[in-house]
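A short write-up of the structure that comes next.
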Amino acid sequence: MTSSVFEYLSAVRRRRGAGYLTLLDPDRLDPDELDERAALCAEAGADAILIGTSLMFSARNAACFERVRARVDVPVISFPGSASQVVPTADAILFLSLVSGRNPELLIGEHVKAAPLLREYGVEAIPTGYMLVQSGTLTSVEFMSDTRPIPRAKVDIAMAHALAAEYLGMKLVYLETGSGADASVPDEMVRAVVGCVSVPVIVGGGIRDPETARAKVAAGASFVVTGSVVEDDHRRLREISEAVHGGV
Ligand code: 1GP
C-alpha cells in the first residue's frame, strides 16, 4: 500500500479509471457475517471497504474495523454518521462535511469533537464534501441529518456546492442519495459536477445493478459506492465491480 489511503485511492483511480467502494453497516450484519461479506467484497474486486451508518446501535464498531482489517488487504475506511463513530482501528476516515445542508453540527460541530480523537489515534482524515441529493425516499441520512437534499433537477445548485467544497480545500466530493434510496444521483448531475471540479467525485446511494454503476462511471464518477446490495445480494458484487472497473 502507498503512504496514505488518499494516495492509494488516487492510484486506484489512475490505474483502473474508477474505483469500487463497498459500504458495510455493523447494525445490519453480525460480526461473523460482516467479516465474511468484507472478504467477498475484496475477492470481487472492491478497492476499499467503508464501514459506517447514519445512526449506529452497535457497540462493536471498533472491533468490526479490527476484524475486517485482519481479513482483507484493501483499506478499511470509516464512513461516520457522527463523531461517536470515530475509532482507532480504521485505516482512514472520510471526514465528511455535509455541505449541501445548513446544519452547523454536520458542517463543523461533529468535526471539532472528532479531531482530537483522530490526532490521538493517528487516523488519516480525508476531507470530503458530502452532498445529499433528493431521491424521492426519505432516507435515514436525510432524517437524521435534519437537512434538505438538493433537488434532483437543480444541477446548478449541485455544481455550486461542489465547487464551494473544492475551494474550501476538500479532497473529495461525495454525491449521494442516501443508503437504500429508490433512485441514484442523476447521471446528468454527476456529469455536471465532475465537469466543474478537479477533485475526484464519489457517487453512492440507490445503486444496485451493474448498468447503473457503469452509468455513473461513464458520467465521470471516480468512485462508485454500493451498500445495500452488498448486504442483500452479494452475488451481484462481482458484476458491479466489473462494471465499475470496465475490465481493468
Ligand atoms: C450510502 O452510498 C451509500 O452512503 C450506499 O447506498 O445502500 O443505497 O447502496 P446504498
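Values computed for the structure shown
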| item | result |
| --- | --- |
| Tally of residues being surrounded by fewer than 17 Cβ atoms within 10 Å (Cβ to Cβ) and aliphatic (A, V, I, L, M) across segment 164-180 | 2 |
| Tally, over segment 193-207, of residues that are of a type outside the set (Val, Ile, Thr) and either touching a strand residue (DSSP E or B) at 6+ places or on another chain (Cβ under 6 Å) or crowded, with 18+ Cβ neighbours inside 10 Å (or both) | 4 |
| Filter pass, Ser3 being in a loop (DSSP other than H, G, I, E, B) and within 15 Å of the ligand (Cβ to nearest atom) | no |
| Contacts under 6 angstrom Cβ, first residue in segment 224-240 being in contact (Cβ under 8 Å) with a residue 40 or more places away in the chain and within 16 Å of Ile202 (Cα to Cα), partner more than 11 Å from the ligand (Cβ to nearest atom) and not in a helix (DSSP H, G or I), 6 or more apart | Val224/Tyr20 |
| Residue in segment 9-50 that is modelled with the highest pLDDT, counting only those that are in contact with an Asp or Glu (Cβ under 8 Å, 6 or more places away or on another chain) and more than 18 Å from Glu242 (Cα to Cα) | Leu24 |
| Any hit, segment 24-36, residues being under 14 Å from the mean Cα position of the chain (by Cα), in a strand (DSSP E or B) and within 16 Å of the ligand (Cβ to nearest atom) | yes |
| Residue match in segment 188-200 (condition: near the ligand (Cβ under 10 Å from one of its atoms), free of Cβ contacts under 8 Å to residues at least 40 places away in the same chain, touching a helix residue (DSSP H, G or I) at 6+ places or on another chain (Cβ under 8 Å) and over 20 Å from Pro127 (Cα atoms)) | no |
| Residues satisfying the stated conditions in segment 225-244, i.e. of a type in the set (A, V, I, L, M), within 24 Å of Asp35 (Cβ to Cβ) and more than 9 Å from the ligand (Cβ to nearest atom) | Leu237, Ile240, Val244 |
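The values are calculated or read from the model by the stated rules, or taken from the named source; none is laboratory data. In this text the structure is predicted, and so the values were computed from the model without any measurement. FYI the Cβ positions are ideal-geometry reconstructions off the backbone, even for glycines, and counts take in every protein chain you see.
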